[in-house]
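The values are calculated or read from the model by the stated rules, or taken from the named source; none is laboratory data. Everything numeric in this text was worked out from a predicted model, so none of it was measured. Virtual Cβ from ideal backbone geometry, glycine too; neighbours counted across all protein chains shown. Ligands, DNA and RNA are stripped out before the accessible areas are found, and what is left, the full protein with its side chains, is counted by its heavy atoms. Shrake-Rupley method; radii C 1.70, N 1.55, O 1.52, S 1.80 Å.
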Amino acid sequence: MGRPSIEEKRWSIDLEKKIQENHYNNTNLRYSFNPNSGKEIFVIDTPPPYPSGTWHIGAVAQYSMIDVIARSQRLMGKEVYFPWGVDRNGINIEFTVEKKTGKKMKTYDRAQFLELCKETIEEYTVAMRKTARRVGLSCDFKNEYLTDAPNYRAVTQSIFVDLFKKGDIIEDLRPNIYDPIEGTTIADAEVERLSRKTKLVDVVWATESGEKVVISTTRPELICACGVVVVHPDDERYTNLVGKKLILPLDTEGREKFVEIKTHLSVKSEFGSGVLMVCSFGDQNDVSVFREMGIKPFQAIDLLGKMTAISGPLSGLPVLEARELAINILQENNLIESIEVREQEVPVSERGKNPVEIILLKEWYVRQTEMQKRISELSNEINFVPQRNKQYLLDWMENISIDWPISRRRWYHTEIPIWYSEDETRVVVPPAGVYVQPWNEAPPEGSEVLDRDSREFLGTYIELKEELGVLCGEEKVFDTWMDSSNSNLFVSGYLSNPEMFERSFPTGIRPQGKEIVRTWLYYTLLKSALLFDKPGFENVWIDGLGMDPWGRKMSKSLGNGIDADSVLECGAGGRTGSWKIKGPEKSVQLKANKIGSECFRLWKACDAQVGDDFHIN
């Protein structure tokens, strides 16, 4: 009679860990993926976690449920690809390096900074991989993919070139949401609103004939960029003013000193005085009015977040300082009727929490406004689990009114694969499957030359090299979601294994949290629709979020997260973990047994319904 492979009679966390270590020594036999096995392929487009520190308990709990999906599909006889991927591009790691070194990104040599980012994120990646094994995930760790690896970035760049040739990616000068602190454009999906105290200033304007008009504004520093003043067409208080011109109450440089009063339905008569100055650009309504009325915009704020020469006495000042000076000048000239301090929802960048501005910038865009109907149609071919969470996607799509700006002025991202000819009328693009750094190298063999505007093929780079003159490599990079939205294509074999891709796309399942439906899910569906006119997935599984005892999402910014390792591991000092968590009013100390992965996985499987938020207390 054979002897049992486990001699111990009682389970313990130490025993579990010992078994796991032995288990993963043979992991390639158990969880490796063989697309040539002859079985039905089932590919899981796992959410690649971002390694910016410890992996918190909510995210690990979600991954443990994805593992249940993988194991159940194997039991059904399918060839399951459960990839282990790590999302390593983006501003987060740049922030981390800046914080560790005390130096801003632009003070470094670019190559040196990239190397620091790579070294730093590798430390976090190793720790995250260890946690993934500790919780018992049945991933194909042998074939780990990293979004900052050349083979992954090559896919992003190849897709860009394909969409550029088709006309689905364009370059244009447009109003963009801009974070002046971090020096980069951001997309709508990267903006959140925070409540902050602001001053609502009632500024006294006057018509050419001397009639007094009070305009309420929280942005007096933008008076220099005012293109029109509008009132609601039904507001009888101002009917007699329509068509007249107002004198700008602050000095400006290089522009006309008058603006006309017109009517517009967007005006909220109940806000302030009911008269609205429309500036380039205070908010998205200003953008719409300027576009609708064909008004030439003014550049009032530069890329450093400082006022431009057009602002006269405010020139060169940061926005907040300029606002205070504008108020002081207006007060000295008796042009302020009242000032009220009030709470206002201020748009800020999601990652940096910096107030954002809308300024004119030449950027790269993915066309998306005309794709909404088609994406909605294709989403009807996808099985959503639970079905009700599909509404998160539909609600977000209803609010899309502008194209997706995909270029960023950062460094640790995938580079935009473009070189410009000396006369700037032609561009050079690399061949498919090659990763390039245009700011640092010449075009590789096989590169093509295209007309910059028409995208017409003009010849190969080798043929036209001499007449192109001195090339200028693009220095901008992609929004990190431009990379992440290719994950389903990458794991399904796009470019690397065409035969497998034919069998496995649309991808078997996308499991993810509801908080990134507007970014990861939506952008992936957009990309799949543009490239293949297909839905991208057979199934989309949208889970809820791990919440703290007060019902708030666990996050590093709130300081209310729990390190998953401290729950899973057995420390030398005993089996009880203790965490200090920031509550709404004060910090509290939480204690829990260190329970190991089996009990942890059972808790998540039993405690929460798929799609619902789950409390961790």
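Here are the numbers for this structure:
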item	result
Pairwise Cα inverse-distance average, inverted: Kirkwood Rh of segment 134-247 (Å)	20.8
DSSP beta bridges in the chain [antiparallel fraction, %, rounded to 5]	75
From the C-alpha gyration tensor of segment 349-445, square roots of 5λ in Å	34, 20, 15
Computed [θ] at 222 nm, deg cm²/dmol, the chain (DSSP H ≥ 4; -39,500 (n - 2.57); rounded to nearest 500)	-9000 deg cm²/dmol
Rg and Dmax [Cα atoms of segment 265-422; Å; Rg one decimal, Dmax integer]	20.7, 64
Average projection area in nm² (convex hull over Cα atoms of segment 1-106, one quarter of hull surface)	11.4
Area of Asp109 that stays accessible when all protein chains are in place (1.4 Å probe, Å², to 10)	90
With every protein chain in place, the chain: carbon and sulfur % of accessible area (1.4 Å)	50
Solvent accessible area, Å² - Glu253, 1.4 Å probe, full protein context	110
Cut-off of 10 Å, at most 15 other beta carbons, DSSP loop: longest stretch of the chain lacking such chymotrypsin sites (Phe, Trp or Tyr not before Pro)	272-549
Alpha carbon Rg of segment 253-314, scaled by the compact-globule rule 2.2 N^0.38 Å	1.24
For segment 430-525, accessible area per residue (1.4 Å probe, heavy atoms of protein chains only), Å²	41
Förster radius 22 Å - calculated FRET efficiency between Asp162 and Glu466 (Cβ-Cβ, nearest 0.05)	0.20
Nearby aspartates and glutamates by direct alpha-carbon distance to Lys39 (threshold 13 angstrom, same-chain neighbours under 8 apart not counted)	Glu79
Exposure rank, largest accessible area first [Lys594, Lys534; 1.4 Å]	Lys534, Lys594
Dipole of the chain, positive direction: furthest Cα of Ile177, Gln62, Asn22, with charges on the beta-carbon	Asn22
Too-long pairs where the Cα-Cα distance tops 22 Å, listed order kept, from Lys268/Lys296; Lys130/Lys604; Lys106/Lys353	Lys268/Lys296
For the chain, alpha-carbon Rg relative to the globular expectation (2.2 N^0.38 Å, N residues)	1.10
Residues in segment 399-416 reached by a label modelled at Lys118 [backbone nitrogen below 14 Å; 7 Å Cα→Cβ]	412-415
Heavy-atom accessible area ranking, 1.4 Å probe, most first, across Glu16, Glu538, Glu144	Glu538, Glu144, Glu16
Where Rh is the Kirkwood radius over Cα pairs, Rg/Rh for segment 89-188	1.04
GluC sites (Glu not before Pro) restricted to segment 36-94 and DSSP loop, no more than 15 other C-beta within 10 Å	Glu40
Cα-Cα pairs of segment 359-505 separated by more than 26 Å (percent)	42
Residue-normalised accessible area of segment 240-314, expressed per residue, 1.4 Å probe, Å²	50
